[in-house]
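**Q** This is the structure I have questions about; it appears just below.
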Amino acid sequence: MEAYGEDIGQHSWVSAAELQSDAVRLRLGQASGLLDLGSGPCGPLTFLIAQTGCRGMGLELSPSAIRVGQARAEAMQIQERFSAQVADLNNPLPVETGTVDAVLAIDVVLHVLDRSALLSEVKRVLRPGGRFLFTDAGIITGVITNEEIRLRSAHGYTQFVPMGWNEQRLKDSGFHVLETEDRTESVVRNAGGRLRALANHREELITIDGAAAYEKQIDYVRTVADLAARRALSRYMYLSEAVEAKT
Ligand SMILES: C[S@@+](CC[C@H](N)C(=O)[O-])C[C@H]1O[C@@H](n2cnc3c(N)ncnc32)[C@H](O)[C@@H]1O
């Protein structure tokens, strides 16, 4: 709450207001099937299911995050429209071809080894004309030092790409790019909130996680906040549509 404004269980820079507008972009409704890639503990996914009445499936590397997501769906009484399973986005998606209406990927594509391979998989599972929306918080829009790159990569493998790179990969993979939007301001806002929450709960967090983990988290969030505030690293939203094959 202190970190995000409205806490919907997100583990990313997304806000509830962004998700509400993205539900419209993805044309989500009771008849839609949504696939959420890198769903984490499924905060955004359960929020979208509850808001729109769609069916939703999360794919996520972390088994514990999946368990948290399942408990969350049960607590929200949406478990009949929810499913989630462990999957590595570096492998083919465990989803049948042409069966999904909309795909979402919030702040995860920068951790995937081969983005073009993932985009091809998204194209394969989407029905023709289905929509894909993702956010990428790793767009290079200014000067960044090697130390900042190191601190910003605290969560493992991380790709930073120039402006226009994602649009080209989308086109190459059979998507029509409908819209892009600069969402760096949400990083500035959320990282600032996270820093305040970390400061307010310093003692208890150090007791739970230890001083080294606490300091690492502070360094990470401060770096993210600084890079976003001076627009050296930006976060963008990409909305695209799977191009229907010509017969
Ligand atoms: C920044 S979090 C975003 C979580 C969620 N989308 C949200 O907005 O709350 C990125 C998530 O991607 C997951 N992830 C990273 N690499 C992955 C991979 N190769 N396959 C599946 N999930 C992955 C992480 O475990 C983490 O839960």
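Only the coordinates and a few stated rules stand behind these numbers; no lab work does. Not measured: the values here are computed from a predicted model. Virtual Cβ from ideal backbone geometry, glycine too; neighbours counted across all protein chains shown.
**Q** For Arg131, Arg189, which order do you get if you count the other beta carbons within 10 Å of each Cβ and list the fewest first?
**A** Arg189, Arg131
**Q** Any chance you could list the semi-axes, whole Å, largest first, of the equivalent ellipsoid that the Cα gyration tensor gives for the chain, using √(5λ)?
**A** Semi-axes, largest first: 29, 22, 16 Å.
**Q** I would also like to ask the following. Against the longest alpha carbon principal axis of the chain, how many degrees, from 0 to 90 and to the nearest 10, is the axis of helix 211-229 turned?
**A** 60 degrees
**Q** Write down the percent of antiparallel bridges among all DSSP beta bridges whose residues are both part of the chain, to the nearest 5.
**A** Of the beta bridges lying entirely in the chain, close to 40 percent run antiparallel.
**Q** If you place +1 on the Cβ of every Lys and Arg and -1 on the Cβ of every Asp and Glu, how big does the dipole about the Cα centre of the chain come out, in debye to the nearest 20?
**A** 340 debye
**Q** In addition: Which of Thr141, Thr223 comes first, and how do the rest follow, when ranked by fewest Cβ neighbours within 10 Å?
**A** So the residues, fewest neighbours to most, are Thr141, Thr223.
**Q** What list do you get for Asp114, Asp22 if you sort them by fewest beta carbons within 10 Å?
**A** The most exposed by this proxy come first: Asp114, Asp22.
**Q** Right, something else. Just for the Cα atoms in the range 47-112, what are the lengths along the principal axes, largest first, rounded to whole Å?
**A** 32, 28, 20
**Q** To continue, here is another question. Quote the relative contact order of the range 1-129 in percent (integer), defining contacts as alpha-carbon pairs under 8 Å separated by 6+ residues.
**A** 24 percent
**Q** Could you order the peptides 151-159, 77-85, 199-207, 236-244 from most to least packed, using the average number of other C-beta atoms within 10 Å per residue?
**A** 236-244, 77-85, 151-159, 199-207
**Q** So, one more: Working from Cα positions, state the angle (0 to 90°, nearest 10) between the long axis of helix 63-75 and the longest principal axis of the chain.
**A** 70 degrees
**Q** Give me log10 I(q)/I(0) at q = 0.20, 0.23 Å⁻¹ for the range 173-247, Debye formula, one equal scatterer per alpha-carbon, no solvent.
**A** -0.84, -0.97
**Q** Still on this model: Measure nothing but the geometry: give the 0 to 90° angle between the long axis through the Cα atoms of 16-25 and the longest principal axis through the Cα atoms of the chain, rounded to 10°.
**A** Between helix and principal axis, roughly 20 degrees.
**Q** So for the pair Ala154, Ala31, with labels modelled 7 Å out along Cα→Cβ, what separation do we get in nm?
**A** If labels sit at Ala154 and Ala31, their model points lie 4.6 nm apart.
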